[in-house]
Amino acid sequence: MNLAKRSATALAIGVAALCLALAPATLPAGTPLASRTSDSSGVRVVVTPKTVESGAAVWEFEVVMDTHTRPLNEDLARAAVLVDDSGRQHAPVAWQGDPPGGHHRKGVLRFEPGVEGAKVIEFDLLPVFPPVTS
């Protein structure tokens, strides 16, 4: 699926999107970045960048998901992607956290720091939450 179609689908279904306004190469070690929250389709997703500075061995994003409408069965290592300002997509290398299932999940997604020089990076969870129907 191309990036534009994937992004439109993600927005329609509900995603957590995190845009970093600084080029990762310019972030000094320990620079805190704000958490971003998405409430859509009965699922709250909070994404907090933990390690995204230049020179880091891996980039880490803490992901917290809560719902009371359905089990959270998604494979987050397959559903998450970083998209740089050139449209390149970067898949995570690992998920360390709660296994699929239940109504509450927390863990860390790890990415190779392969987006050096990007001015904006978007973190997307693509379409893992189908719309709630009545």
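Please determine whether any residue of segment 87-104 is under 23 Å from Thr37 (Cβ atoms), in contact with an Asp or Glu (Cβ under 6 Å, 6 or more places away or on another chain) and crowded, with 19+ Cβ neighbours inside 10 Å. No - not one qualifying residue is present in segment 87-104. Evaluate the following for Thr51: is it under 21 Å from Ala118 (Cβ atoms) and surrounded by 15 or more Cβ atoms within 10 Å (Cβ to Cβ)? Criteria met by Thr51. Every condition in (1) under 23 Å from Ser41 (Cα atoms); (2) modelled with pLDDT of 90 or more is met by Val93 except one, and the failing one is (1).
Of the residues that make up segment 60-75, is at least one of a type in the set (S, T, N, Q), in contact with a Gly (Cβ under 9 Å, 6 or more places away or on another chain) and modelled with pLDDT of 90 or more? Taking every residue of segment 60-75 in turn, at least one turns out to be of a type in the set (S, T, N, Q), in contact with a Gly (Cβ under 9 Å, 6 or more places away or on another chain) and modelled with pLDDT of 90 or more. Note on segment 54-88: among residues that are over 12 Å from the mean Cα position of the chain (by Cα) and outside any loop (DSSP other than H, G, I, E, B), the one that is farthest from Lys119 (Cα to Cα) is Thr67.
The values are calculated or read from the model by the stated rules, or taken from the named source; none is laboratory data. Model, not experiment: these values are computed from the prediction. Quick reminder, even Gly has a Cβ in these numbers, built from the backbone with ideal geometry, and neighbours come from all protein chains shown.
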